[in-house]
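My questions all concern the structure below.
Read-outs throughout are calculated quantities, based only on the coordinates presented, and are distinct from any laboratory measurement. Computed from a predicted model, the values in this text were never measured in an experiment. Here the Cβ is made from the backbone with ideal geometry for all residues, glycine too, and neighbour counts use every protein chain on show.
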Amino acid sequence: MSKKIFYNLAVAEGKVHNTSVDDVHFHEVGAVDSIIDIVGSVIGLKKLGVNHVFCSKLPLGSGFVNCSHGKIPIPAPATVELLRDVPVYQSNANHEMVTPTGAAVITTLAEEFGEMPSIKIEKIGYGAGKIQSNQPGILRVFLGKKEKREN
Ligand SMILES: [Zn+2]
């Protein structure tokens, strides 16, 4: 699954850099950070026994971020490539809310986006980024059992 996430990220980075998947260099993606994020997500889901991943609509930040090409718009081009066909909305965050790595992880793992399914919540987790801003960069996860349908 980690390889699949890296592959999807490579396809998106390759497209925006106009290069092949084999020649992609993840220079906008911190190498060690992205390995930890990607492999850690997959290990976490496995350890927690997660069978299905659902994700809310994704908030996109705005503004620009500095990279080796200079300033690129937020969301980053690779992020938007990965988020084709995923429901997103413009939030008022003036920073990156979804990174290319995050987009690769969630679009590979989630089977549905949008409304939260009917579940009984058993565990709640929070992960916070370091950016101090008008809108916190927080990822919240609910682990639960799907409610059995009546009838
Ligand atoms: Zn680049």
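When the residues of the stretch 8-19 are filtered to those that are out of contact with any His (no Cβ under 9 Å at 6 or more places or on another chain) and part of a helix (DSSP H, G or I), which remaining residue is farthest from the ligand (Cβ to nearest atom)?
Selected residue: 8.
With respect to the numbered conditions (1) within 16 Å of the ligand (Cβ to nearest atom); (2) more than 21 Å from residue 136 (Cα to Cα); (3) under 16 Å from the mean Cα position of the chain (by Cα); (4) among the β-branched types (Val, Ile, Thr), which one is the sole condition not fulfilled by residue 79?
(2)
Would you mention how many residues in the stretch 107-151 are assigned to a strand (DSSP E or B) and β-branched (Val, Ile, Thr)?
5
Farther than 30 Å from residue 147 by Cα and either within 14 Å of the ligand (Cβ to nearest atom) or under 16 Å from the mean Cα position of the chain (by Cα) (or both): does that describe residue 22?
no
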